[in-house]
Amino acid sequence: MALLNILQYPDERLHTVARPVAKIDGRIQTLVKDMFETMYESRGIGLAATQVDVHESVVVMDLTEDKSEPRVFINPVIIEKDGETTYEEGCLSVPGIYDTVTRAERVKVEALDEKGEKFTLEADGLLAICIQHELDHLMGKVFVEHLSQLKQNRIKAKLKKRQKHNL
Ligand code: QAP
Ligand code: CO
């Protein structure tokens, strides 16, 4: 087991588009384990491989308080979406920043699990929001990019300043 380093916005590597996983082997299973460990340690509910500088299509998620519902999405694709909802989102790559994002209310996602089994999931509520947030990461998009340019510039300046002070 290992804790992975989480890239912090505005790191340009967060804009890398992930490639599909060709084969679910020991390397991917280790990546999944390490991503869960890293997410739980940081008290997150979702983490995309992009955020730990691995540019392959892997997401882990657990919306529970007691780590009882770990979910793995490999090569996920949203095949249906409808409705509209807003939520005050945050992100482990944008620590301490929360703002309102509008997304689809319901999504249907197709993906592989950690054993390579294909599954389809219909989600709403926080799960649907989390799926869309994490799939954005795989496409190189961070939630702040849903906000106005003014807000993005303010967030960038704030995080750069914070990162400079931590040198
Ligand atoms: C994405 O976000 C998400 O700023 C997952 O200091 C967010 O796990 C999906 C976190 C909202 C749906 C709704 C953020 C932890 C965790 C922080 C996270 C922080 C500590 C964010
Ligand atoms: Co995020």
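Pick from segment 132-166 the residues that are over 15 Å from the mean Cα position of the chain (by Cα) and under 16 Å from E88 (Cα atoms): which of them is surrounded by the fewest Cβ atoms within 10 Å (Cβ to Cβ)? It would help to see each step written out before you state the result.
In the first step, residues of segment 132-166 are kept if they are over 15 Å from the mean Cα position of the chain (by Cα); the result is 147-166.
Subsequent filtering for residues that are under 16 Å from E88 (Cα atoms) retains 147-148, 151-152, 155.
Numbers: L147: 18, S148: 10, K151: 13, Q152: 16, I155: 19.
The extreme case among them is S148.
Being touching a strand residue (DSSP E or B) at 6+ places or on another chain (Cβ under 7 Å), under 27 Å from I155 (Cβ atoms) and not small (G, A, S) is the filter; apply it to segment 11-55 and report the residue that is farthest from ligand 2 (Cβ to nearest atom).
By that ranking, first place goes to H55.
At least 2 residues that are more than 15 Å from ligand 1 (Cβ to nearest atom) in each: list the strands (runs of 3 or more DSSP E) lying fully within segment 74-167 that qualify.
The qualifying strands (runs of 3 or more DSSP E) are 106-112, 118-124.
Keeping to segment 134-154, report how many residues are touching a residue at least 12 places away in the same chain (Cβ under 8 Å) and closer than 13 Å to D99 by Cα.
Final tally of qualifying residues: 6.
What is the number of the single condition among (1) over 18 Å from the mean Cα position of the chain (by Cα); (2) open to solvent by 70 Å² or more (accessible area, probe 1.4 Å) that V77 does not meet?
Just one mismatch for V77, condition (1).
Inspect all residues belonging to segment 103-123 and state whether any of them is surrounded by 17 or more Cβ atoms within 10 Å (Cβ to Cβ) and within 15 Å of ligand 2 (Cβ to nearest atom).
Scanning segment 103-123 turns up at least one residue that is surrounded by 17 or more Cβ atoms within 10 Å (Cβ to Cβ) and within 15 Å of ligand 2 (Cβ to nearest atom).
Can you find, within segment 40-73, the residue that is nearest to ligand 1 (Cβ to nearest atom) among those that are within 17 Å of V142 (Cα to Cα) and assigned to a helix (DSSP H, G or I)?
Once the filter is applied, the top-ranked residue is Q51.
The values are calculated or read from the model by the stated rules, or taken from the named source; none is laboratory data. Everything numeric in this text was worked out from a predicted model, so none of it was measured. Quick reminder, even Gly has a Cβ in these numbers, built from the backbone with ideal geometry, and neighbours come from all protein chains shown. Just so you know, the surface numbers come from the protein's heavy atoms only, side chains and all, with ligands and any DNA or RNA stripped out. Shrake-Rupley method; radii C 1.70, N 1.55, O 1.52, S 1.80 Å.
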